[in-house]
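Accompanying notes for the structure given below.
The values are calculated or read from the model by the stated rules, or taken from the named source; none is laboratory data. Remember, predicted model here, so these are calculated numbers, not experimental data. Neighbour counts are summed over all protein chains in view; Cβ atoms, including those assigned to glycine, are modelled from backbone coordinates with ideal geometry.
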Amino acid sequence: MDRQRLLLLGAAAAALTVGGLSRVLIAPHPTAPTPPSGLTRLERSARPDDPRAQAMLATALVREAQRTGDSALYHRAVLAARQTLAVEPDHPEALKVELLGLHQGHRFQEMLSLSRRLAEKHPSDAFFHGLYGDALLEVGRYDEAAEAYQRMVDLKPSSATYTRVGYLRLLEGDAEGALEVLKLAATSADQTDSFAVASALCELGETWLALGEPDTALDAFTLALEREPGLARAHLGRGHVLRARGEVEPALQAYRAAVESRPLPQHRAFLADALEAAGRSTEAAAQREQALTEGRDDARFQAQMLLDLGREPDRAEALAREEYARRQDVFTEGVLAYALVLAGKTGEAHESITRATRLGTRDARLQYVAGLVASARKDTAAARSHLTAALKGFPPLPPAQQARARSLLDVGAGTQAAPSHP
């Protein structure tokens, strides 16, 4: 590891941040137990008619859900929070758990309405402003999300606050700015919290991927695993870098570790891509079918998988529209554009991908869809630019989509329309 990378990682190693859905981490109760033994004791001792105990239990369950990725814990947390709210309807911590349950269940409009009301009612509580910003992100209202996060910064410039700002900057294509904001999180570091430090390193690793520095990103993911060996996000990040390098077996090991740690359908899909790239098509197909089954409640994921596989295009488009009705972020917009261009609806696809890429988000999938749309519109220069970026970007595209991008580039991107299926 060279000196520059060591300096970058040294600045990040203590940062306390969270990522993905964990960005909506609520403030821990000061007496929240340390899972799993403390959580078990709390579950046994918390009486249903004790609102304070149920609120503590709800908060502890959320923290454990964020640590393990076990979505069932969110359901238990919401049930505990509602026990509290039945007695104390305005209990702040229970209301935060209720909001997290809405987020987890993709009930974004309800989350938006409730979080706005609570932020207005509790103007000095930074986390309500943060949760309101998170809801705004999901419905694609990025300028308003930035305002909500700024109010959070003004109230409580903590690591959780800076993480939200950093993630928004990353969405906006400002990876350099995101990196600077994430470094601010180091000033509020808790080096005794190995999960938080490992998550911080993953956050920065993903930012370095967006900056086109996979070697530094790999170092960050590796260091994260030294702090938290079972962190799926770190295994997944290592898998992306190793697969892009062509290191087949190490990439497969990393993706398998991610699936074993958190058997999410998205993780299985990445494992299937790596297996396909390694020529193990039968295993890849089995993983994809399992991912489709496990992800049946996620309309956006289902739509993307079906489109990648060239199956049930009408259903895929319907699923993409269904998800877009409740979630207008750039990634859902990108999946909708994907469905539209493969259905031959080039005009609609162009409008959709224009909205999806308006922020400049650095994402290989968005670039790939933009390339397909430009190709279908016979815009050679734009198609070449987008497809080249897609092949260099992260996370790596599935093998079939990589092949399609190279094919379009080989024939002079934009000289033929995108196909109706891969």
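Here are a few things to note about the model shown:
- Wholly within segment 213-316, helices (runs of 4 or more DSSP H) carrying at least 1 residues that are farther than 30 Å from Gln328 by Cβ and small (Gly, Ala, Ser): 214-227, 232-245, 248-261, 265-277, 281-294
- Condition met for Glu213 (within 26 Å of Asp193 (Cα to Cα) and out of contact with any His (no Cβ under 9 Å at 6 or more places or on another chain)): no
- Close pairs from segment 123-144: first over 14 Å from Glu172 (Cα atoms), partner assigned to a helix (DSSP H, G or I) and among the β-branched types (Val, Ile, Thr), Cβ under 7 Å, at least 6 apart: Ala126/Thr161; Gly130/Thr161; Leu131/Val24; Asp134/Val24
- Selected residue [more than 19 Å from Arg63 (Cα to Cα), over 18 Å from the mean Cα position of the chain (by Cα) and surrounded by 23 or more Cβ atoms within 10 Å (Cβ to Cβ)] from His122, His129: His129
- Scan of segment 366-401 for residues that are basic (Lys, Arg) and without any contact (Cβ under 8 Å) to a residue 40 or more places away in the chain, ordered by number: Arg377, Lys378, Arg384
- For segment 79-117, a residue qualifies if it is in a helix (DSSP H, G or I) and modelled with pLDDT under 90, and exactly one does: Gln104.
- Residue match in segment 383-393 (condition: on the phi < 0 side of the Ramachandran plot, buried (at least 23 other Cβ atoms within 10 Å of the Cβ) and within 21 Å of the chain's Cα centre (by Cα)): yes
- Pairs are defined by a Cβ separation below 8 Å, a sequence spacing of at least 6 or placement on different chains, a first member in segment 268-280 that is more than 19 Å from Gln304 (Cα to Cα), and a second member that is buried (at least 18 other Cβ atoms within 10 Å of the Cβ); the pairs so defined are Ala278/Leu252.
Residue by residue, here is whether (1) surrounded by fewer than 18 Cβ atoms within 10 Å (Cβ to Cβ); (2) farther than 27 Å from Asp193 by Cα; (3) touching a Phe, Trp or Tyr at 6+ places or on another chain (Cβ under 9 Å) holds:
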site	(1), (2), (3)
Leu137	no, yes, yes
Gly140	no, yes, no
Asp143	yes, yes, no
Met152	no, no, yes
Thr161	no, no, yes
Arg169	no, no, no
Glu176	yes, no, no
Val181	no, no, yes
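- Among residues of segment 40-70, those that are touching a residue at least 24 places away in the same chain (Cβ under 8 Å), hydroxyl-bearing (Ser, Thr, Tyr) and out of contact with any helix residue (DSSP H, G or I) (no Cβ under 7 Å at 6 or more places or on another chain), counted: 1
- Filtering segment 47-84 to residues that are surrounded by fewer than 19 Cβ atoms within 10 Å (Cβ to Cβ) and either in contact with a Gly (Cβ under 8 Å, 6 or more places away or on another chain) or among the aliphatic types (A, V, I, L, M) (or both) leaves Ala53, Ala72, His75, Leu79.
- Candidate set: segment 217-248, residues that are of a type in the set (Val, Ile, Thr) and surrounded by fewer than 21 Cβ atoms within 10 Å (Cβ to Cβ); chosen: the one farthest from Pro398 (Cα to Cα): Thr222
- Criterion: surrounded by 21 or more Cβ atoms within 10 Å (Cβ to Cβ) and either touching a helix residue (DSSP H, G or I) at 6+ places or on another chain (Cβ under 9 Å) or over 25 Å from Leu242 (Cβ atoms) (or both) - qualifying residue of Ala274, Ala286: Ala274
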